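Novice: Starting off with a structure, shown below.
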Amino acid sequence: MRNWTWALAITLLIALIAPAIIAQTQQPGKAAAPPPPWAYGFATPPNPGDKPPQGGGGNPPDNVTQKHVDGSTLGFTQQQIANGFSPADWFPNDHPAMPDIVAHGRREAMIIACALCHYPNGKGRPENAGPAGQSYSYIMQTLDDFKNGNRKSADPRKANTNRMAGFAKAMTDDEMKAAAQYFSSMKWTPWVKVVETDMVPKTKINAGLYLALEGNEKEPIGQRIIEVPVNSEATDELKDPHSGFIAYVPTGSIQKGEALVTTGGNGRTIQCGACHGADLQGLGPVPGIAGRSPSYLARQLYDMQNGFRTGVWTELMKPVVAKLTPDDMVAILAYVSSRPVGSSSGSSGSPSAAAGGADPSLIASGKSRFTTYGCIDCHGMNGEGTDQAPDLIGTRLDGPGIAKFLNKPSADAKAKGMPDIPPTSPDLAPVVAYVLSLKHAQ
Ligand code: HEC
Ligand code: HEC
Ligand code: HEC
């Protein structure tokens, strides 16, 4: 459908559900729960009169030592990595050519390069957002909402939301179009691994990002989602756009969330699939939510529920969020972010096709799945092996052999907890291609 048709469809949908919105709007005077601190990147809820923390100061980052990340032949200094007008691009072959506004921003207007925060591949981090794979119309609409003051943060300390709005105000129409075109041209791929648990690693917070502390100290998760980089250094210091996240969620929350998401929970909310698509990967202009950062998504639900996000299309979400409790949000997002993502197009799932010289993008997407499936936990960051499992570099299996092993791991592997990947899964071909590439690299 063309853009204007979708705009019309959205307007009609809003008209249809308007009575439901009026009936379900929160009763005035009912004290709302405070913003969940874990979603906004703080340790405690805000106090009245709180302001954004004063940043800046400190020494400029080092500009001598060349740093490296796994899988890239390039080297950058800490200063290059943090350069707001030309941040490091570790994997230039990984994404289409970036428009100028994405790669460099625009200094005269104080617009920072989108790639600094959202990464060149648009996958972003919990404290910002992942615009990759959203529709062109949605990105244009939401940039307009930022520009018009319709996207603010419920937590007055969250300075980067204000900065984002400032960039949207300063952008020209052409810059918005170029950025929307760019981010919508890429597919969303696995980025967050969701793990149910009662105990989480103790964490510290750096500029809105939770980081697991070294050592193995744990604390009860409570009714929170704790999302941390798989590798603190790779994310926090190096901004490695191939190094994803782990989201710890309370035991049992995924199943509770599934009930709310798929049935609406007897009028508590509305089935998400009706608008976001049955697989929650987005439908027409409606954004994808599957497999995305639960912290980011939680902020949006809370901001929409409490009148801080009030864009044109937000009307459709009002009856969805009106009655949700903080615990409902935890459960819903545990489920939503654990949903698989991947190309419903393309990969026909024929692993033997990947046996020969597979294309680099298939291998790259296999590498990121290798992280999100947790293969790294046993086989090591780069398949080099650990005391849990053998290295995969020396495997004697060929493409079909690897695929078969993944469909049905050996009893030993199964007993140790190796996940299986069914023959129908779109993840199979990329993972096989990646494992094979380790072998061929020898
Ligand atoms: C300083 C970091 C920073 C930079 C630079 C930045 N953004 Fe953002 N962006 C954010 C934050 C933070 C959010 C999420 C705000 C929130 O959670 O309330 C965001 C959200 C977004 C979203 C919304 C995604 C969604 O799913 O709704 C889009 C689109 C976006 N940014 C586009 C851009 C573009 C285009 C640029 C470059 C001109 C850019 N951003 C530069 C921090 C940044
Ligand atoms: C009636 C249609 C409809 C239903 C049902 C619906 N959504 Fe939405 N959702 C939307 C639209 C449209 C937007 C874009 C809102 C905007 O632009 O402000 C959206 C946006 C969102 C966002 C923000 C995404 C982003 O990238 O910022 C989240 C999170 C979300 N929905 C979650 C859910 C969940 C969870 C459910 C089910 C419990 C649900 N939605 C049900 C239509 C719907
Ligand atoms: C919980 C630990 C664990 C995880 C997680 C795990 N594996 Fe394994 N894997 C093993 C063990 C143990 C073996 C050896 C089993 C044997 O020798 O029978 C193995 C064997 C294999 C083999 C066969 C190697 C050979 O040469 O025989 C492949 C291929 C493999 N794993 C791939 C993967 C992939 C891909 C993932 C992620 C989707 C993964 N594994 C996740 C434990 C794990």
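The values are calculated or read from the model by the stated rules, or taken from the named source; none is laboratory data. Computed from a predicted structure; not experimentally measured. A quick note on method: Cβ atoms are made from the backbone with ideal geometry, for glycine too, and the neighbour counts reach across all protein chains shown.
Novice: Could you list all residues from segment 113-132 that are hydrophobic (A, V, I, L, M, F, W, C) and either surrounded by fewer than 24 Cβ atoms within 10 Å (Cβ to Cβ) or within 7 Å of ligand 1 (Cβ to nearest atom) (or both)?
Specialist: Ala113, Cys114, Leu116, Cys117, Ala129
Novice: Considering only segment 299-312, state which residues are under 21 Å from the mean Cα position of the chain (by Cα) and within 8 Å of ligand 2 (Cβ to nearest atom).
Specialist: Within segment 299-312, Gln300, Leu301, Met304, Arg309 qualify.
Novice: Here's another thing I want to ask about it. I'm trying to understand the selection: among the residues of segment 77-100, which are free of Cβ contacts under 8 Å to residues at least 60 places away in the same chain and in contact with a strand residue (DSSP E or B) (Cβ under 8 Å, 6 or more places away or on another chain)?
Specialist: Thr77
Novice: Inside segment 236-249, can you point out the residues that are closer than 17 Å to Gly374 by Cβ and not in a strand (DSSP E or B)?
Specialist: His242, Ser243, Gly244
Novice: Let me ask something else. State whether one or more residues within segment 214-235 are of a type in the set (Gly, Ala, Ser) and in contact with a Ser or Thr (Cβ under 7 Å, 6 or more places away or on another chain).
Specialist: yes
Novice: Follow-up. Only residues that are free of Cβ contacts under 8 Å to residues at least 40 places away in the same chain and in contact with a Pro (Cβ under 6 Å, 6 or more places away or on another chain): list them for segment 403-442, please.
Specialist: If the condition is that a residue be free of Cβ contacts under 8 Å to residues at least 40 places away in the same chain and in contact with a Pro (Cβ under 6 Å, 6 or more places away or on another chain), then Asn407, Asp420 are the ones that fit.
Novice: Is there a residue being near ligand 2 (Cβ under 9 Å from one of its atoms) and among the charged types (D, E, K, R) anywhere in segment 271-291?
Specialist: No - not one qualifying residue is present in segment 271-291.
Novice: Further, regarding this structure: Can you tell me which residues in segment 369-398 are surrounded by fewer than 21 Cβ atoms within 10 Å (Cβ to Cβ), assigned to a helix (DSSP H, G or I) and more than 6 Å from ligand 3 (Cβ to nearest atom)?
Specialist: Correct list: Ile376 only.
Novice: In the set Ala298, Ala290, which member is within 15 Å of ligand 1 (Cβ to nearest atom), on the phi < 0 side of the Ramachandran plot and in a loop (DSSP other than H, G, I, E, B)?
Specialist: The match here is Ala290.
Novice: Does any residue of segment 225-242 turn out to be within 16 Å of ligand 2 (Cβ to nearest atom) and within 27 Å of Phe42 (Cβ to Cβ)?
Specialist: yes
Novice: Please determine whether any residue of segment 168-188 is in a loop (DSSP other than H, G, I, E, B) and within 22 Å of Tyr248 (Cβ to Cβ).
Specialist: Checking segment 168-188: at least one residue is in a loop (DSSP other than H, G, I, E, B) and within 22 Å of Tyr248 (Cβ to Cβ).
Novice: Let me ask something else. Kindly indicate whether any position in segment 425-436 is buried (at least 20 other Cβ atoms within 10 Å of the Cβ), within 9 Å of ligand 3 (Cβ to nearest atom) and aromatic (Phe, Trp, Tyr).
Specialist: Taking every residue of segment 425-436 in turn, at least one turns out to be buried (at least 20 other Cβ atoms within 10 Å of the Cβ), within 9 Å of ligand 3 (Cβ to nearest atom) and aromatic (Phe, Trp, Tyr).
Novice: For segment 339-357, state whether one or more residues are more than 30 Å from Leu260 (Cβ to Cβ) and either modelled with pLDDT of 85 or more or of a type outside the set (Gly, Ala, Ser) (or both).
Specialist: The answer is yes, given that some residue of segment 339-357 is more than 30 Å from Leu260 (Cβ to Cβ) and either modelled with pLDDT of 85 or more or of a type outside the set (Gly, Ala, Ser) (or both).
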